[in-house]
Amino acid sequence: FAKRKNGILKKANELSILCDIDIVLLMFSPTGKAAICCGTRSSMEEVIAKFSQVTPQERTKRKFESLENLKKTFQKLDHDVNIREFIASSKDSAGSDF
């Protein structure tokens, strides 16, 4: 973690700048110490407030749309993807919303 932390924080900041997006990255080291990266567009409080205003239904809808786009990308690459299995496995392994 110590070797990768600064690189991950730098990439998060670059992503925020290059994509002109609001971003907050919160990581915990194996010892429990927090590392936080906030993009340049908004404060952490503003990003959290925006996220909290999105309903669970809207988060689910956005996640499904993202998975559908991923499925289309896989199909373009000539891979067969069962989206329902993919969603089920992502719920089991990730446990987070977009």
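Here are the numbers for the structure shown:
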{"read-out": "In segment 63-98, the residues that are open to solvent by 90 Å² or more (accessible area, probe 1.4 Å) and either modelled with pLDDT of 90 or more or among the hydrophobic types (A, V, I, L, M, F, W, C) (or both)", "value": "Phe64, Leu77, Phe98"}
{"read-out": "Residue count for segment 39-50, restricted to those that are open to solvent by 100 Å² or more (accessible area, probe 1.4 Å) and without any contact (Cβ under 8 Å) to a residue 12 or more places away in the chain", "value": "1"}
{"read-out": "Options Ile87, Ile36: the member that is in contact with a helix residue (DSSP H, G or I) (Cβ under 9 Å, 6 or more places away or on another chain) and in a helix (DSSP H, G or I)", "value": "Ile87"}
{"read-out": "Qualifying residue in segment 21-38 (condition: touching a Ser or Thr at 6+ places or on another chain (Cβ under 7 Å) and open to solvent by 50 Å² or more (accessible area, probe 1.4 Å))", "value": "no"}
{"read-out": "Single residue of Lys63, Lys11, Lys50, Lys3 found to be over 16 Å from the mean Cα position of the chain (by Cα) and basic (Lys, Arg)", "value": "Lys3"}
{"read-out": "Of residues in segment 52-62 being open to solvent by less than 100 Å² (accessible area, probe 1.4 Å) and in a helix (DSSP H, G or I), the one modelled with the highest pLDDT", "value": "Glu58"}
{"read-out": "Unique residue being under 26 Å from Ser89 (Cβ atoms), in the same structural domain as Ser89 (by the TED database) and not β-branched (Val, Ile, Thr) when the list is Lys11, Lys61", "value": "Lys61"}
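The values are calculated or read from the model by the stated rules, or taken from the named source; none is laboratory data. What you see is a predicted model, and the numbers here were worked out from it, not measured in a lab. Virtual Cβ from ideal backbone geometry, glycine too; neighbours counted across all protein chains shown. When the accessible area is computed, the model is the full protein with side chains, heavy atoms only, and any ligands, DNA or RNA have been set aside. Shrake-Rupley method; radii C 1.70, N 1.55, O 1.52, S 1.80 Å.
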